[in-house]
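What follows is a short report on a single structure.
The values are calculated or read from the model by the stated rules, or taken from the named source; none is laboratory data. Predicted model, so just to flag it, every value in this text is computed and none were measured. No Cβ is skipped: glycine too gets one built from the backbone with ideal geometry, and neighbour counts run over all protein chains shown. Ligands, DNA and RNA are stripped out before the accessible areas are found, and what is left, the full protein with its side chains, is counted by its heavy atoms. Shrake-Rupley method; radii C 1.70, N 1.55, O 1.52, S 1.80 Å.
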Amino acid sequence: MKNIILFAFLIVSALDLSAQVRLEAFLTPAVGYRQLSGTKFASNQLTDSLKNADRARQNWSGGLKLVLGIDKYSALQIGVNYKGLSFMRVREDYQFHDTVHPKIGRVLDLSQTVLSKDAYFAHRYRYLSVPIIYQKAYTRKVFNSKMQFYVTTGLEFDFLIKDKMFVNLPGWSIGGEDQFEIESDYESSQVNLSFNLGSRFEYKLSERSSFSAQPAFNFPFLVTAKDEFVQFRMFQFGVSVGVNYLL
């Protein structure tokens, strides 16, 4: 982590100090999923079952970044981002004495308060992320003297803060509880490196401030988590919305 911060500092120091520097606060709603693959110990039946059970899930991220002008039409974004990644695994139609999870217990209720006793396992991963993103204007023309569009690409250095599994039993319960927070079933990578590709729209609010919207696709180079049978990479598509101010 210290090496990444030092690297970012050296980049900032190497830039022309007379160039524009903007401080931007941003929030990123996103939809995440996972790319799953089996190990040599996994059966096709297991991987097919997991693929059928898994769903995309909404995530939230946010943070601060500096937008460092390189010239009039390009800039470098360096920031700190609290990044959320997750996906949902759905298990349906539990029967009497089925085990929901070893840390939760068995179905001991014979009542039929719902048509199907289903469980929703949200696999949540939280990171401190350091994005280093390059932006370049599509065209030198500024639309309506206030709008500009960019293409963006770069890397995100991700450091795991926590990984948890949240289990929801809608309409039924075990031991009187219908929500649980337990440890993840998978061994998570503590550090990862992600590729970021997207675009950026800026709208000038005043001489010193601008609004931005930045859609981007984010995919990790390394495995997010694994066990003996499967491993997966968490990826997502999101739109960062922010306001920046000229320092």
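Binning the alpha carbon pair distances of segment 144-227 at 5 angstrom intervals from zero yields the distribution 3, 11, 13, 11, 11, 11, 11, 11, 8, 6, 3, 1, 0, expressed in whole percent. When +1 charges are put on Lys and Arg Cβ atoms and -1 charges on Asp and Glu Cβ atoms, the dipole computed for the chain relative to its Cα centre reaches about 1060 debye. Shown is the FRET efficiency for residue 110 and residue 140, computed with R0 = 51 Å from the Cβ-Cβ distance and rounded to the nearest 0.05: 0.10. When the helices of the chain are scored as -39500 (n - 2.57) per DSSP H run of n ≥ 4 and the total is divided over every residue, the value at 222 nm lands at -3000 deg cm²/dmol.
Report, in whole Å, the centroid distance computed from the Cα atoms of segment 172-195 and segment 16-81. Rounded to whole Å, the Cα centres lie 20 Å apart. A run of the chain free of exposed loop cleavage sites, with GluC sites (Glu not before Pro) counted only in DSSP states other than H, G, I, E and B and at most 15 other beta carbons within 10 Å, reaches its longest extent at 93-206.
Solvent-accessible area assigned to carbon and sulfur over the chain amounts to 59 percent, based on a 1.4 Å probe. Surface analysis of the chain yields an accessible area of 54 Å² per residue, using protein heavy atoms and a 1.4 Å probe. Under the rule that an exposed site lies in a DSSP loop and has at most 10 other Cβ atoms within 10 Å, name the longest stretch of the chain with no trypsin sites (Lys or Arg not before Pro) of that kind, not counting the sites themselves. No qualifying site falls inside 142-247, the longest such stretch. Once the chain from residue 245 to residue 166 is taken as fully extended at 0.36 nm per residue, the excess over their C-alpha distance is 24.7 nm. The chymotrypsin sites (Phe, Trp or Tyr not before Pro) of segment 212-245 that DSSP puts in a loop, and whose beta carbon has at most 10 other beta carbons within 10 Å, are 221. Remark: segment 23-161 carries a charge dipole of roughly 480 debye about the Cα centre, counting +1 on each Lys and Arg Cβ and -1 on each Asp and Glu Cβ. Please say if segment 36-156 is rounded, prolate or oblate, where rounded means a/c under 1.5 for a ≥ b ≥ c the square roots of the C-alpha gyration tensor eigenvalues, and otherwise the choice is prolate for a/b larger than b/c and oblate otherwise? Prolate, since a/c reaches 1.5 and a/b exceeds b/c.
In the distance distribution for the chain, Cα-Cα pairs more than 30 Å apart total 39 percent. Against the chain, whose longest principal axis is taken from its Cα atoms, helix 44-53 shows a tilt of about 70°.
Look at the alpha carbon pairs under 8 Å that are at least 6 residues apart: their mean separation over the length of the chain gives a relative contact order of 22 percent. Between the helical axis of 2-14 and the longest alpha-carbon principal axis of the chain there is an angle of about 20 degrees. Below 12 angstrom from the Cβ of residue 213, what's the summed charge of the other residues (Lys, Arg +1; Asp, Glu -1)? Summing Lys/Arg as +1 and Asp/Glu as -1 gives -1. The slack in the chain from residue 23 to residue 43, taken as 0.36 nm per residue of separation less the alpha-carbon distance, amounts to 2.2 nm.
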